[in-house]
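The structure appears below as structure tokens.
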Amino acid sequence: MKPRSTASRLRQGWNRTGKYVAIVTPILMVFVLFAIYPNISVLFMSLYKWSPISSAREYVGTHNFKILFTVQAEQTWSKIFNTVTYILGLFVIQTLLSLGLALALQKNTIKNKFFRAFFFLPMVFSSTMISMTWAYMYDPNLGIINNLLGLFDPSRYPGVDFFTTNFRAIILIVVVHIWANIGYPITILISGINSISGEIKEAAIIDGANGWQAFFHVTLPLLLPTLLRLSLLTITTGAMTADYVVMVGSPGSSVPYETMSSWMYKATRSGLEYGMVSATATVMFVVLALTSLVQFLAMRKVEKSILG
């Protein structure tokens, strides 16, 4: 059998590689055009002073960032505090609630399947519809929550504005966010729980562990990588959430509750200077990038300690 020439091997290798290049290149171009390029553009936009109303741009360097942390320092730190509080509230409540529900609904019974679909159902509705519904429910005079509380204390309810403090506003909007999206973490956690070998749990029970001990020493450690991935998603979506804050927290509220994302949305919609908005977005990107890096390193360490 005659050995193949070098040119023949190179041609065959190129034909094999060319198929993957032909498939990946269009997808990569779309990703770069609609994901990478806009994010890089925001960084450059933060170095300019310009408005969408006018085409003129003035290069100001880091001036927009200086304004954020000097002239507007109080407003900036208030938005950062509200954003961090929103993320922490969302992370703690959603993680604990979704984990508890996943443990309760892990078995594939007809009743559990019904409740899985029940908790996942709000995800098919738009955030606008959900926000408007909950904003009406929170209404001081016409909302169903005020009217139900009025059955127990007619002297106080209805007529109570729930959005009188930032902390209460955060919790109430986090409730809306969780109600609308909890179906996803429940589904992921149920999948993670069911992927754990039953033999490991049975071995722990045979060794004398009760249900709680088996959960804390077997199920939870093996579920940590899934929880860390969900926490990364929760923190990212919580930081970028603007729709619930704008449509639930703003109408009729007595406190100008703002997160960084909601302020960027309102500023962009009202046509304010895009340079300041881009600077705020850049600060958010840096914070989220550092948070994601820390979570990624923690995830690697946990997986290494579990898998060996």
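Each reported figure results from applying straightforward, stated rules to the coordinates on display, with no laboratory input. What you see is a predicted model, and the numbers here were worked out from it, not measured in a lab. A quick note on method: Cβ atoms are made from the backbone with ideal geometry, for glycine too, and the neighbour counts reach across all protein chains shown.
Things to note:
- Dimensionless Rg over Rh [the range 7-166; C-alpha; Kirkwood]: 1.16
- Rule-of-thumb Rg ratio for the range 87-224 [Cα; 2.2 N^0.38 Å; N residues]: 1.36
- Bins of 5 Å from zero: percent of alpha-carbon pairs in the range 153-221: 3, 13, 14, 12, 10, 10, 10, 8, 8, 7, 5, 1
- Computed per residue of the chain from DSSP H runs no shorter than four, each worth -39500 (n - 2.57), the mean residue ellipticity at 222 nm is -22000 deg cm²/dmol.
- The range 176-308: mean projected area of Cα convex hull, nm²: 10.9 nm²
- Cα Rg over Rh - the chain, Kirkwood: 1.08
- Range in the chain, longest, excluding exposed chymotrypsin sites (Phe, Trp or Tyr not before Pro) [loop by DSSP; at most 15 other beta-carbon atoms within 10 Å]: 153-308
- Put simply, the amide H of residue 48, placed in the peptide plane, has neighbours under 5 Å in 60, leaving out anything fewer than 5 places away on its chain.
- The residues neighbouring residue 135, those whose beta-carbon lies less than 13 Å from its own, together hold a net charge of -3 under the Lys/Arg +1, Asp/Glu -1 convention.
- Unsatisfied cross-links (Cα-Cα over 29 Å) in the set 19/301; 66/266; 66/301; 49/266; 266/301; 111/301: 19/301; 66/301; 266/301; 111/301
- Given +1 at the Cβ of Lys and Arg, -1 at the Cβ of Asp and Glu and no other charges, the dipole of the chain around its Cα centre is 1620 debye to the nearest 20.
- Counted charge near residue 159, where neighbours are those whose Cβ lies closer than 15 Å (Asp, Glu -1; Lys, Arg +1): -2
- Within-14-Å neighbourhood charge of residue 224 [Cβ basis; K, R +1; D, E -1]: +3
- Arranged from fewest to most other beta-carbon atoms within 10 Å of their beta carbon, 273, 58 become 58, 273.
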